[in-house]
Amino acid sequence: MSALLIKNIKQLVQVREETNEPVRGTKMAELPSIDNAWILVKNGLIEDYGSMDTSPDDPNAVIDATGKLVLPAWCDSHTHLVFADTREEEFVGRIKGLTYEQIAAAGGGILNSAKKLADKSEEELIASANERLNEIMHLGTGAVEIKSGYGLSVDAELKMLRVIKHLKENHPLTIKATFLGAHAIPTEYKQNREEYIRQIIEEMLPVIAKEGLADYIDVFCETNYYTPEETSRILEAGKKHGLKPKIHVNQFTSIGGIQVGVENAAISVDHLEVMTDKDKKDLAARNVIPTVLPSCSFFLGIPYAPARELIAADLPLCLATDYNLEAPQAEISRLCFHWLA
Ligand SMILES: [Zn+2]
């Protein structure tokens, strides 16, 4: 049995005895910790901890953490970390005043990424994603969710998910996979969106289930993307294949995405830059976790999610990076920690 004792820890942070329930509202301001502490790890799991006057005998491996803090790694629940290339050329358009929607209408945005991704092999995507995973691991992330959604065709979406599965099985970080086939409507189906939705439900989902390619299902529920009704249908289909919903909602407009998330018992509703009073009310006392992505607001120049109001409404607030091809991770992390402080 391998054991590791970390001793003389200046402060052991986030010590919670009881609950696995999400920490809500004002309780989020409490950060239970132990000064001058030790923690014992056996076979990769926390076995015990306490203050130094109760320290156990040294096992084989010891780390002396004098003057240092020990705290949980960051769990990043919303990323688009597998992608072909960055889209910095779109910054020029943005500096000139074009909006996200105008850039998308001109062939940029998600659809541009899909075109670039289709040309890359699984090996190339794995290699670049591996570098990004190493980068975030060294910045303190211990678990990460990664979405598909830059494929937007049966082959390319499955390719992305197979890449994520490979990363999951080979990288030391804990990784969860989310199927986001409904990230945008592909250009060739603009006039026939039903056909693309059919492909998601009838062609992609059965293969994803059979090969165990995803844990979660996601939809971009937004004006000009997927309607609440379409979102609901796609989530229902995903649930039948054992995938849990977690969705993109209320980034630019409030069209009922929160309510679709609540009705489908989504694990989380993510973005929330635009929240009506009804949206906030409908989230109250639910087990759907509001997730905000402040780096997205920063990079797109759109409003920030009303995080303080959500906390004041006794909700459990989650913060994630939305790491994607527009925003380098180091910048996101710095921004998130700055924003939290
Ligand atoms: Zn996202």
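Once you wrap a convex hull around the alpha carbon atoms of the range 109-261, what is its projected area averaged over all directions, in nm²?
Working: hull surface 35.9 nm².
Average projection, Cα convex hull of the range 109-261: 9.0 nm².
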note = Largest-first semi-axes in Å of the equivalent ellipsoid built from the Cα gyration tensor of the range 37-84 are 31, 13, 11
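Give the percent of DSSP beta bridges with both residues in the range 3-72 that are antiparallel, rounded to the nearest 5. It would help to have the intermediate numbers written out before the result.
Values: 14 of 20 bridges.
Rounded to the nearest five, the antiparallel share is 70 percent.
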request  = Using only Cα atoms, figure out Rg for the chain and give it as a multiple of 2.2 N^0.38 Å.
outcome  = 1.05
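Determine the dipole magnitude for the chain: charges of +1 sit on the beta-carbon of Lys and Arg, -1 on that of Asp and Glu, nothing else is charged, the reference point is the Cα centre, and the result goes in debye to the nearest 20. Display every interim value, and only then the final one.
Values: 35 positive and 50 negative charges, 55 e Å.
Charge dipole, the chain, about its Cα centre: 260 debye, nearest 20.
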remark   = For the range 65-131, the Cα convex hull volume per residue in Å³ comes to 161
ask   = How far, in degrees from 0 to 90, does helix 122-138 lean away from the longest principal axis of the Cα atoms of the chain, to the nearest 10?
value = 40
inquiry  = Between 0 and 90 degrees, rounded to the nearest ten: what's the tilt of helix 154-170 against the longest Cα principal axis of the chain?
reply    = 10
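Show that you can apply the helix-only estimate: for the chain, add -39,500 (n - 2.57) for every DSSP H stretch of four or more residues, divide by all residues, and state [θ] at 222 nm to the nearest 500.
Numbers: 13 runs with 122 residues, N = 341.
Estimated from H runs of four or more residues: -10500 deg cm²/dmol.
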request  = Run through every distinct alpha carbon pair of the range 3-72 and return the Kirkwood hydrodynamic radius in angstroms, one decimal place.
outcome  = 12.8
request  = Figure the gain on full extension for Asp155 and Leu45 (residue separation times 0.36 nm, minus the Cα-Cα span) and round it to one decimal in nm.
outcome  = 35.7 nm
remark   = For the range 195-313, the Cα gyration tensor yields equivalent-ellipsoid semi-axes (√(5λ), largest first, whole Å) of 26, 15, 13
remark   = The simple spin-label model distance between Glu122 and Val62, using points 7 Å out along Cα→Cβ, in nm, is 4.8
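Where Rh is the Kirkwood radius over the Cα pairs of the range 179-256, the temperature 37 °C and the viscosity 0.692 mPa s, what D in µm²/s does Stokes-Einstein return?
Answer, rounded: 261 µm²/s.
Computed from the coordinates by the stated procedures, all read-outs in this text should not be read as laboratory data. Everything quoted here is computed from the prediction, not taken from an experiment. Here the Cβ is made from the backbone with ideal geometry for all residues, glycine too, and neighbour counts use every protein chain on show.
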